[in-house]
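Below you'll find the structure, written out as structure tokens, and then a few comments.
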Amino acid sequence: MIRRKFLQILGGGIVVAATGATAWAMTRDPARARAPWATAGQLNDDPRRRALSYAILAPNPHNRQPWLADLSVKNQITLTCDLARRLEHTDPYDRQITIGLGAFLELLRMAAAQDGFATDITLFPNGEPSPRLDQRPIARIGFVGDANAKRDPLFAHVLDRRTNRNAHDLSMPLTAEPMAAMARAANSGLVDHAIEPERVAALRDLTWQAMYVEMTTFKAWKESVDLTRIGKAEIEANPDGISLSGPFLEGLSLTGLLNKAAMLDRNSTAFQQQVPFLRAPFEATAAFLWLKTPGNSRTDQINAGRDYVRINLAATAAGVAMQPLSQALQEYREMAPQFAAIRGALGIGASEGLQMLMRVGYAETPRASPRWRFETRILAG
Ligand SMILES: Cc1cc2nc3c(=O)[nH]c(=O)nc-3n(C[C@H](O)[C@H](O)[C@H](O)COP(=O)(O)O)c2cc1C
């Protein structure tokens, strides 16, 4: 549907030669970038590497995959943040990057337990970095063989977990039951939701307004556009960032209709044309779910990431599509009105951290997102 809409938006200006197009289209999947989903858990005599092969599948902002694992000490992983992979403009205090590192830690813990290893996790062993992350470790994780390590039932869904940006089937409203299952998956933060049509409509408006602010704030939008990989070759060369794949989008790129300069220029036709395209999923949103923490310390942010991936896995188990909409939660100056408005609308207390806000509903399942192979994220050892 979105594809058809986009074609309408472009005024039907594309002609694809039928001959050869189908064969070409069939070769456009960036399969190499998705391979880490198929090879996770493959035989390796180091349990730390086996666990890392799952942990790198964690959800994380703009799919930057900021994790670096130092394996130089036996039976231990020291996790640090690749500081070059942070999002300077949209995540000025590295809050979201820290959430992604929390999700990584939770998958690491689950994978190790599944494999018969208990993990002893010390967060920020050299102190909590503030106001931004620095070279100090995010966590030190000891691996101890433990045949009785408690398996986590959510682990069964790790390979099927997705961020799902598709339109929801609005004829299938969410009921209280899957909402409760997702809320129960969180271990430390508080989860709440909105399913009432009027409230959902108000949140759709607010989240879209925030998205529009982001698109029209040059530095913030440029950060996303710079990290956009269009088509198979770009995605396989850099399997991180925002990937636009498939023959349709790659075709637009080849014809010059989809290009980064135009995506950035507010006065260009291409910029105006992407507005309804980007708005469509906001409109087709069945319900919202959010996660807050008692404070906003680095430990709170790590805990939020650990909870978020668990909630996303519980959604997968319940067949529910989930996509974070983070723009209104972001701490840059131009977003201040939307930042205050969303906290007001969700009743977030002054000292609480609003860490994640997600649209949830029933939708077609997308394919797995790209990943760097875990071996490329090992610093030493
Ligand atoms: C803190 C955080 C914020 C995110 N914000 C957004 C967002 O605003 N919009 C969105 O589409 N995805 C968002 N995501 C999802 C990531 O883009 C996604 O996890 C990443 O691209 C990898 O894809 P996957 O989750 O399907 O493996 C966010 C994820 C995290 C952890």
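Out of Ala328, Ala317, Ala304, I need the residue that is within 19 Å of Ala55 (Cβ to Cβ) and either of a type in the set (A, V, I, L, M, F, W, C) or within 15 Å of the chain's Cα centre (by Cα) (or both). Which one? Lay out the reasoning, then the answer.
Numbers: Ala328 fails: within 19 Å of Ala55 (Cβ to Cβ); Ala317 fails: within 19 Å of Ala55 (Cβ to Cβ).
The conditions single out Ala304.
Output the residues belonging to region 324-381 that are surrounded by fewer than 17 Cβ atoms within 10 Å (Cβ to Cβ), within 13 Å of the ligand (Cβ to nearest atom) and either assigned to a helix (DSSP H, G or I) or hydroxyl-bearing (Ser, Thr, Tyr) (or both).
Matches in region 324-381: Thr365 only.
What's the total number of residues in region 83-106 that are assigned to a helix (DSSP H, G or I) and of a type in the set (Ser, Thr, Tyr)?
Selection size over region 83-106: 1.
Just a yes or no: is a residue in region 116-128 over 16 Å from Ala55 (Cα atoms), in a loop (DSSP other than H, G, I, E, B), out of contact with any helix residue (DSSP H, G or I) (no Cβ under 7 Å at 6 or more places or on another chain) and acidic (Asp, Glu)?
no
Does Ala321 meet the test of being surrounded by fewer than 22 Cβ atoms within 10 Å (Cβ to Cβ) and among the hydrophobic types (A, V, I, L, M, F, W, C)? Let's see the steps before the verdict.
Details: surrounded by fewer than 22 Cβ atoms within 10 Å (Cβ to Cβ): no; among the hydrophobic types (A, V, I, L, M, F, W, C): yes.
No.
Kindly provide the set of residues from region 149-187 that are assigned to a helix (DSSP H, G or I), under 21 Å from the mean Cα position of the chain (by Cα) and among the charged types (D, E, K, R), ordered by number. Spell out how you get there, then give the answer.
So the first thing to find is which residues in region 149-187 are assigned to a helix (DSSP H, G or I), and the list is 153-160, 176-185.
Keeping just the survivors that are under 21 Å from the mean Cα position of the chain (by Cα) gives 154-160, 178-179, 181-185.
Selection gives Asp160, Arg184.
Among Leu252, Leu227, Leu257, Leu264, which is over 21 Å from the mean Cα position of the chain (by Cα) and closer than 21 Å to Arg367 by Cβ?
Leu252
Give region 162-185 a look and list any residue that's within 16 Å of the ligand (Cβ to nearest atom) and in contact with a Phe, Trp or Tyr (Cβ under 8 Å, 6 or more places away or on another chain), or say none. Let's see the steps before the verdict.
Going through region 162-185, the residues within 16 Å of the ligand (Cβ to nearest atom) turn out to be 162-168, 182, 185.
Passing the criteria: only His168.
Hey, does region 123-138 have a residue that's free of Cβ contacts under 8 Å to residues at least 12 places away in the same chain and farther than 28 Å from Met322 by Cα?
Within region 123-138, the subset free of Cβ contacts under 8 Å to residues at least 12 places away in the same chain is 126-127.
Still in the running and farther than 28 Å from Met322 by Cα: 126-127.
Yes; the residues of region 123-138 include at least one that is free of Cβ contacts under 8 Å to residues at least 12 places away in the same chain and farther than 28 Å from Met322 by Cα.
Which of the residues that make up region 271-305 are within 30 Å of Pro131 (Cβ to Cβ) and charged (D, E, K, R)? If you could, list the steps in order and put the result at the bottom.
Step one: filter region 271-305 for residues within 30 Å of Pro131 (Cβ to Cβ), giving 288-305.
Lys292, Arg298, Asp300, listed by residue number.
Given (1) more than 14 Å from the ligand (Cβ to nearest atom); (2) in a loop (DSSP other than H, G, I, E, B), where does Ile77 come up short, assuming only one miss?
Looking at each condition in turn, Ile77 falls short on (2).
Suppose we filter region 18-47 for residues that are at pLDDT 90 or above, out of contact with any helix residue (DSSP H, G or I) (no Cβ under 8 Å at 6 or more places or on another chain) and over 18 Å from Ala233 (Cβ atoms); how many remain?
So the count comes out to 3.
Working only within region 136-161, note down all residues that are more than 16 Å from the ligand (Cβ to nearest atom), farther than 25 Å from Ala315 by Cα and touching a helix residue (DSSP H, G or I) at 6+ places or on another chain (Cβ under 7 Å).
Ala139, Ile141, Phe143
For Gln301, only one of the following conditions fails: (1) assigned to a helix (DSSP H, G or I); (2) in contact (Cβ under 8 Å) with a residue 12 or more places away in the chain; (3) out of contact with any helix residue (DSSP H, G or I) (no Cβ under 7 Å at 6 or more places or on another chain). What is its number?
(3)
For the condition aliphatic (A, V, I, L, M) and either outside the structural domain of Thr78 (by TED's automatic domain parsing) or away from the ligand (no atom under 16 Å from the Cβ) (or both), what is the one hit in Ala103, Ala112? First the steps, then the outcome.
Working: Ala103 fails: either outside the structural domain of Thr78 (by TED's automatic domain parsing) or away from the ligand (no atom under 16 Å from the Cβ) (or both).
None of the other options fit; the residue is Ala112.
Report, ordered by the first and then the second residue, all pairs with beta carbons closer than 8 Å, sequence separation of six or more or different chains, a first member in region 338-351 that is touching a residue at least 12 places away in the same chain (Cβ under 8 Å) and more than 14 Å from Gln327 (Cβ to Cβ), and a second member that is surrounded by 11 or more Cβ atoms within 10 Å (Cβ to Cβ) and of a type in the set (Lys, Arg).
Matching pairs, first to second residue: Leu346/Lys292; Ile348/Lys292.
The values are calculated or read from the model by the stated rules, or taken from the named source; none is laboratory data. Keep in mind that what you see is a predicted model, and the values were worked out from it rather than measured. Don't worry about glycine lacking a Cβ; one is built from the backbone with ideal geometry, like all the others, and counts go over all protein chains shown.
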